[in-house]
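The values are calculated or read from the model by the stated rules, or taken from the named source; none is laboratory data. This is a predicted model, so every value here is computed, not measured. All Cβ positions, even for glycine, are placed from backbone atoms using ideal geometry, and neighbour counts span all protein chains on display.
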Amino acid sequence: MALTKPALANVTAGEPVTAEGWNAIVNGVGALYDAVLAFGTGVLHVSLTAGELPVPGAEVVAVPVDGGNPVAALPLFGDVTTYQLIGVSSGNWRLFIRAPGFNLEVRDVTVPAAEPIAVNLTPAGVTMPDLFGIPAQDALARLSTLGLTIDLILDITGHEVSRVTLPPQFQNSPVLVQQPEAHSVLDPNVTRVRLVLAVAIDQVPTVTMPSLIGLNANEVATVLNQLGLVLGSTTVRSIESFDE
């Protein structure tokens, strides 16, 4: 309620207080009490979840049903997992809850409330799954089921991978990075997904080249064959030709 200053009379010492003056004092004190009590000293806790996960970054506002000033909740901080509305008075209140990616929720509550008001928010789109470590072909299947479009796929070396037909060597490659982040609420008509896949690094086998000095052509071919090497064309030159 609004606090209205009553009409105050000036009197001199020894002058008796009239009944009208006394009533003005009593009414003024009563109005002051009512106004102070209207501010409220209660605390209302609101728990917001999407599935089983808490929802940060929400806006929670309580409005007195019978009229009065709205009260906004404190944001989550530290280990606090409920939104706190401080300064609510006893009575009926209407909660308005907004969070990015979720539909507006309205709840009627009565203060005081013994337990936190639990509200499970409804996504306004689809929820991005957690794809970390999942084989690429399974990740693409999940995204397709949700109606999400793949915009780009890269391997860990930065090379682009076909998003139309996943090459066989990448089908079981685990997802290392995803964009948007897991549990984000997305509009499937607008959002494009990007993935980075792990890839096995090709290791080229190497051998230590032995000394072939003093061996004839057949002996050289035998040594190279044992190492998995193939003797190519050979050129025979005399020692004198090297001196020229």
Checklist line | Residues located in the stretch 62-85, provided they are over 27 Å from the mean Cα position of the chain (by Cα), over 13 Å from Asp108 (Cβ atoms) and β-branched (Val, Ile, Thr) | finding: none
Margin query: Just to be sure before I move on: is Glu181 within 50 Å of the chain's Cα centre (by Cα) and either over 18 Å from Leu152 (Cα atoms) or assigned by TED's automatic domain parsing to the domain that holds Ser144 (or both) in the structure I sent?
Written below: yes
Check: On the given criteria, is Asn69 surrounded by fewer than 13 Cβ atoms within 10 Å (Cβ to Cβ) and modelled with pLDDT of 90 or more?
Finding: no
Next item on the list: Please find, within the stretch 157-181, the residue that is modelled with the highest pLDDT out of those that are among the small types (Gly, Ala, Ser) and under 14 Å from Val196 (Cβ atoms).
Entry: Ser173
Next item on the list: Go over the candidates Ala124, Ala113 one by one and state the one that is in contact with a Phe, Trp or Tyr (Cβ under 8 Å, 6 or more places away or on another chain) and closer than 30 Å to Ile86 by Cα.
Entry: Ala124
Check: Do we find that Ala38 is modelled with pLDDT under 75, surrounded by 11 or more Cβ atoms within 10 Å (Cβ to Cβ) and not in a strand (DSSP E or B) in this structure?
Finding: yes
Next item on the list: Return the residue satisfying two criteria in turn: it lies in the stretch 111-140 and is surrounded by fewer than 12 Cβ atoms within 10 Å (Cβ to Cβ) and either hydroxyl-bearing (Ser, Thr, Tyr) or not assigned by TED's automatic domain parsing to the domain that holds Asn92 (or both), and of such residues it is modelled with the lowest pLDDT.
Entry: Thr122
Note to self: Any residue that is among the charged types (D, E, K, R) and out of contact with any strand residue (DSSP E or B) (no Cβ under 7 Å at 6 or more places or on another chain) - is there at least one of those in the stretch 78-101?
What the structure shows: yes
Note to self: Quick check on my filter: what residues within the stretch 76-102 are farther than 14 Å from Ser47 by Cβ, surrounded by 13 or more Cβ atoms within 10 Å (Cβ to Cβ) and not aromatic (Phe, Trp, Tyr)?
What the structure shows: Ile86, Gly87, Val88, Ser89, Gly91, Arg94, Arg98, Gly101
